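A short write-up of the structure that comes next.
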Amino acid sequence: MSNPYTGLVTSALRKSQLLATSSYDSSIQRMALEEGALLQLWKAYQAFLAELSHQLQLSFEPESVQVILDSLHSQGRASLEVSELQLLLSEPESWLSELLRAWNQLLRLPTLAEEKGQAGNLIPTHNIAGTVPIELSFEALLKWHKALSELILRQRANLEEC
């Protein structure tokens, strides 16, 4: 059975890789390339969740691993692939947790106080009560790309064996 999401996953992974290995002339270009690469990694992850949902014969495009888990649980089913993703998400220092924190961090607009504080403050401030901010870099993006690509290939192979 052909999976309509496989091409989307592959395309987003390739775009992410191209953006993360592009050259740049200024810091704003670097930031744009990093943010574009992160967007493509997030798209690849979301498309892979849809691919996984399709393989498991669920009839929806999930927005999270938890939605897939809940659906499988309600049907009395389980999936090693989904369990592996959930395990990665439960570990705050895992590459997948870092990737999704970086994505959520990118989506969050800074408050006016944060904007003013960063402009005139030579000492960076951090919210020690919250999660540690993720520094976006080409190295981190390439690490996440490699880990996501390997996970997808391994899980696809596992699903084909079943």
All aspartates and glutamates inside 20 Å of K143 as judged from Cα atoms, apart from same-chain residues fewer than 8 positions distant: E34, E35, E84, E91, E93, E98, E135
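Summing +1 for each Lys or Arg and -1 for each Asp or Glu, what net charge is found among the other residues whose Cβ lies under 10 Å from the Cβ of A140? Walk me through the numbers on the way to the answer.
On the way: positive: K143; negative: E34, E98, E135, E139.
Around A140, the charge tally is -3.
Local charge sum around L89 (other residues, Cβ-Cβ under 12 Å, Lys/Arg +1, Asp/Glu -1)? All intermediate terms of the calculation are to be shown ahead of the outcome.
Numbers: positive: R101; negative: E84, E91, E93, E98.
Around L89, the surrounding residues sum to -3.
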Residue-ordered couplings for the range 65-78, obtained by feeding phi - 60° into the Karplus form 6.51 cos²θ - 1.76 cosθ + 1.60 and rounding to whole Hz (Gly and Pro as x), are 5, 4, 5, 5, 4, 4, 5, 5, 4, 5, 9, x, 10, 9
Ranked packing of 87-94, 30-37, most packed first, by mean Cβ within 10 Å: 30-37, 87-94
How far, in degrees from 0 to 90, does helix 6-20 lean away from the longest principal axis of the Cα atoms of the chain, to the nearest 10? 20
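As an exercise, identify the chymotrypsin sites (Phe, Trp or Tyr not before Pro) in the range 1-65 lying in DSSP coil whose Cβ has no more than 12 other Cβ atoms within 10 Å. Walk me through the intermediate numbers first.
Numbers: sites: Y5, Y24, W42, Y45, F48, F60; in loops: Y5, Y24, F60.
For chymotrypsin sites (Phe, Trp or Tyr not before Pro) across the range 1-65 that sit outside H, G, I, E and B with at most 12 neighbouring Cβ atoms in 10 Å, the list reads F60.
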Pick out which of L100, L109, L18 has the largest mean-square fluctuation in a Gaussian network model of the chain, springs linking Cα atoms closer than 10 Å. L109
Highest GNM mean-square fluctuation among V67, V82, V132, for the chain with Cα springs under 10 Å, belongs to V132
Could you check the spin-label model distance between R108 and E35? Points 7 Å from the Cα along Cα→Cβ, value in nm. 1.6
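Each value in this text was obtained by applying a stated rule to the coordinates, not by laboratory testing. Just so it is clear, the structure is predicted and the values come from calculations on it, not from any experiment. Neighbour counts run over all protein chains shown; Cβ positions are idealised from the backbone, glycine included.
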